[in-house]
Amino acid sequence: MFTPICSPLSKSEGTIISTISNNLKRKSLILAMDKMSLVANIITFLSFLFSILAWYKARQVHGFLEAEKTRQNKKIRVILRNGEKTIELPIEIRREELTRSEILGRIGMIPMNEKGKRFTIEYLNAPEFFQQINTLKDNYGEGILEIRCSPNELKQFKV
């Protein structure tokens, strides 16, 4: 037959052990919650830092976009020139709109001596013309696009 080594616990002893066990469980739960609270506080602090960084970067980007918008809205004057004789287009072109096709369209609006005839300007096909456009597009401030013309090329316009 089996004999127990120790005597069974009395009801009061069992209650004490049960209370101690419950207290240990509560303490471990409280410790776990403290650790989770610390982790949550760290995450909150890091989120705060990242939000400040994001706000700062957004301000930088906004400032850059405003400066670029202002730069793109600057006006470029277009002048057809042969020596001292010049024809300036009546409407300036915004830097944003400065393309070969836009320039040709604006020049095409100048009245011609021979109605219905298309203008011809050799310089518009030269590499220097394209370089001049690219330089003006990249620069800041106001600019002047000077298109060199021969005397005959200027005479085709009714000005």
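Here are the numbers:
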| quantity | calculated |
| --- | --- |
| Total residues in region 125-152, condition of a type in the set (A, V, I, L, M) and part of a strand (DSSP E or B) | 3 |
| Residues located in region 103-124, provided they are assigned to a helix (DSSP H, G or I) and more than 34 Å from the chain's Cα centre (by Cα) | G108, E122, Y123 |
| Residue in region 26-47 that is in contact with a Phe, Trp or Tyr (Cβ under 8 Å, 6 or more places away or on another chain) and either modelled with pLDDT of 90 or more or in a strand (DSSP E or B) (or both) present | no |
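The values are calculated or read from the model by the stated rules, or taken from the named source; none is laboratory data. Just so it is clear, the structure is predicted and the values come from calculations on it, not from any experiment. Every residue, glycine among them, receives a Cβ derived from its backbone with ideal geometry; neighbour counts consider all protein chains shown.
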